[in-house]
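Novice: The structure that follows is given in the form of structure tokens.
Throughout, read-outs are computed from the coordinates displayed, never taken from laboratory work. Quick caveat: nothing in here was measured; it's all calculated off a predicted structure. Glycine gets a Cβ as well: all are built from the backbone with ideal geometry, and neighbour counts include every protein chain shown.
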Amino acid sequence: MSASATERRTIKIAMNGVTGRMGYRQHLVRSILAIREQGGIDLGDGTVIWPEPVLVGRREHALRELAVRHGLDPAAVSTDLDAVLADDSVDIYFDAQVTQARESAIGKAIAAGKHIYTEKPTATGLDGALALARQAADAGIKHGVVQDKLFLPGLLKLRRLIDSGFFGRILSVRGEFGYWVFEGDLQPAQRPSWNYRSEDGGGIVVDMFPHWEYLLHELFGRVETVQALTATHIPERWDEKGERYTATADDSAYGVFQLAGGVVAQINSSWSVRVNRDELVEFQVDGTEGSAVAGLRDCRIQHRSTTPKPVWNPDLPNGESFRDQWQQVPDNAEFDNGFKAQWELFLRHVVTDAPYEWDLLAGARGVQLADLGLRSAAEGRRLDVPEVRL
């Protein structure tokens, strides 16, 4: 092959659930279509990975509208998942459906010999999540689970600080996540109504604890215990048709996690909180040598040598601007969209067998933590988190 020749390696991806907010915006538009717009993924040896999406879902007209809008083949849409999985030209099955539909669909895709890439949680319970991981291992297919927050600029800067030894011995992690999701009467809700019905797989523990598991596990250590308190602060909401319904799922969760190595993490998650932070999620990490506050994009630090000495005096107005005493961590790199960055790693994994660690077993750990979080809240006690193995 000449130096100027390029071989296009087409990878056909069945994308199920792209009419939903996350599936459409982050996975189709900002990941797969963005990869196509950049000319594919250049492997550096004259080969380019070219993703070819097949849009799968329940509403054919909506799928066709998306295909036309983005210049895709209008015929490359289907409401028949079984037929798509029977197509030998389809290499990867991707799932961004509602949680309750995911486990069965992934099981079918594994049985059909497709590689798997999926949103989380991977199943509605640990038994189902582990069954999928075992099925995938037995089938010898490649599999990955979206763990997008690891690829956010703020968290990448935090990892840089950890790897450099900036913190000394890490003591604790404090996380604040959430925002006010409107009830749906005065203003439309920003999230679908099923999120607030436990019978439909909703709840903030199921949604967010899998995120906290992989973040804590990857950055600070395996989660060894969990103690959680949940609440449904807003008991009534209005659905997409403007009809009032009872919220049966937790909309807020307050968790304390003990990690391997002694780090203590406390994370509040809420769809019933008004934001008084710089970003919708922030993590404060405190260590013997320094501290950091990391969000989606930014990360601020305060080293031991520059830590001020506040004095508690309730009789006088505060004369210090505590936020101004922190220093911004520079970008020092160009950060791509986190979802796209992980998609590129997974596609390289499928094509070249490049290393990839965020698999269905990692996804099962997230499901386990959500299960135990809900059980801890129901029983009012701290629970051990056993190590998950195939």
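Novice: Among the listed pairs K114/K241; K142/K340; K120/K340; K120/K157, give every one whose C-alpha distance is greater than 27 Å.
Specialist: Details: K114/K241 37 Å; K142/K340 18 Å; K120/K340 16 Å; K120/K157 24 Å.
The answer is K114/K241.
Novice: Using 7 Å Cα-to-Cβ label points, what is the D138/L186 separation (nm, one decimal)?
Specialist: It is 5.4 nm.
Novice: Mind checking the full-extension length gain between R8 and M22? Use 0.36 nm per residue of separation minus the Cα-Cα distance, one decimal, nm.
Specialist: Details: separation 14, 0.36 × 14 = 5.04 nm, distance 2.82 nm.
Full extension from R8 to M22 adds 2.2 nm.
Novice: Just name one of M15, L316, G338: the one whose Cα is farthest towards the positive end of the charge dipole of the chain (beta-carbon charges, Lys/Arg +1, Asp/Glu -1).
Specialist: Most positive-ward Cα: L316.
Novice: Compute the angle between helix 360-379 and the longest alpha-carbon principal axis of the chain, please, reported from 0 to 90 degrees and rounded to the nearest 10.
Specialist: Computed tilt is about 50 degrees.
Novice: A further question on this structure: Once both axes come from the Cα atoms, what is the angle between helix 60-69 and the longest principal axis of the chain, in degrees from 0 to 90, rounded to 10?
Specialist: It works out to around 80 degrees.
Novice: Something else: What size of dipole, in debye to the nearest 20, comes out for the chain about its Cα centre when the only charges are +1 on Lys and Arg C-beta atoms and -1 on Asp and Glu C-beta atoms?
Specialist: Details: 43 positive and 55 negative charges, 73 e Å.
Using Cβ point charges on Lys, Arg, Asp and Glu, the chain gives about 340 debye.
Novice: Please express the shape of region 298-341 as an equivalent ellipsoid: the semi-axes are the square roots of 5 times the eigenvalues of the C-alpha gyration tensor, given largest first in whole angstrom.
Specialist: Values: eigenvalues 235, 31, 12 Å².
Taking √(5λ) for each Cα gyration eigenvalue gives 34, 12, 8 Å.
Novice: Also: Cross-link candidates for K108: which aspartates and glutamates have Cα within less than 20 Å, leaving aside residues fewer than 8 places away along the same chain?
Specialist: Output for K108: D80, D82, D87, D88, D91, D95, E119, D127, D138, D359.
Novice: Run the dipole for region 231-298 about the Cα centre, Lys and Arg Cβ at +1, Asp and Glu Cβ at -1, nothing else charged, and hand back the magnitude in debye, nearest 20.
Specialist: Numbers: 6 positive and 12 negative charges, 30 e Å.
Taking the Cα centre of region 231-298 as origin, the dipole is about 140 debye.
Novice: Using only the Cα atoms, work out Rg/Rh for region 1-119, with Rh taken as the Kirkwood radius, to two decimals. Show your work: numbers first, answer last.
Specialist: Numbers: Rg = 14.7 Å, Rh = 14.8 Å.
With Rg and the Kirkwood Rh in hand, the quotient comes to 0.99.
Novice: Gap in Å between the Cα centre of region 142-188 and the Cα centre of region 312-375?
Specialist: The two parts, judged by their Cα centres, are 4 Å apart.
Novice: Run the paramagnetic zone check for N337: 7 angstrom along Cα to Cβ, then residues of region 31-64 with backbone nitrogen under 12 Å.
Specialist: Flagged as within label range: 31-38.
Novice: Within the chain, what percent of beta bridges assigned by DSSP are antiparallel, to the nearest 5?
Specialist: 60
Novice: Here's something else I'd like to know. Using a simple charge model, +1 on the beta-carbon of Lys and Arg, -1 on the beta-carbon of Asp and Glu, nothing else, what dipole does region 1-53 show about its Cα centre, in debye to the nearest 20?
Specialist: Numbers: 7 positive and 5 negative charges, 68 e Å.
It works out to roughly 320 debye.
Novice: Test of understanding: what is the full-extension gain from Q327 to D239, defined as 0.36 nm times their sequence separation minus their Cα-Cα distance?
Specialist: Details: separation 88, 0.36 × 88 = 31.68 nm, distance 4.36 nm.
Gain on stretching Q327 to D239: 27.3 nm.
Novice: Next question. Using only Cα atoms, tell me the angle between helix 126-139 and the longest principal axis of the chain; keep it within 0 to 90° and round to the nearest 10.
Specialist: Long axis of 126-139 versus the principal axis of the chain: about 40 degrees.
Novice: If I take every Cα pair under 8 Å that is 6 or more residues apart in the chain, average their sequence separation and divide by the length, what percent do I get for the relative contact order? Each step should come with its number before you reach the end.
Specialist: Values: 773 pairs, mean separation 77.2, N = 390.
Reported as a whole number, the value is 20 percent.
Novice: Antiparallel as a % of all DSSP beta bridges within region 1-92, to the nearest 5? Please list the in-between numbers first.
Specialist: Numbers: 2 of 15 bridges.
Bridges in region 1-92 that DSSP calls antiparallel: roughly 15 percent.
Novice: Follow-up question, since we're still on this one. Which one, H349, A101, F167, projects farthest toward the positive side of the charge dipole computed for the chain from Cβ point charges (K/R +1, D/E -1)?
Specialist: Checking the options against the dipole of the chain, the answer is F167.
Novice: Based on the Cβ-Cβ distance from T288 to A354, what FRET efficiency comes out when R0 is 45 Å, to the nearest 0.05? Walk me through the numbers on the way to the answer.
Specialist: Working: r = 37 Å, r/R0 = 0.81.
So the FRET efficiency works out to roughly 0.80.
Novice: OK, next. Quickly rank 78-84, 332-338 as a protection proxy: mean count of other C-beta atoms within 10 Å, highest first. Before the final figure, lay out each step's value.
Specialist: On the way: 78-84: 15.1, 332-338: 13.4.
In descending order of packing, they fall as 78-84, 332-338.
Novice: Okay, next question. State, to one decimal in nm², a quarter of the convex hull surface area for the C-alpha atoms of region 238-390, i.e. the direction-averaged projected area.
Specialist: Working: hull surface 65.8 nm².
Averaged projected area of region 238-390's Cα convex hull equals 16.4 nm².
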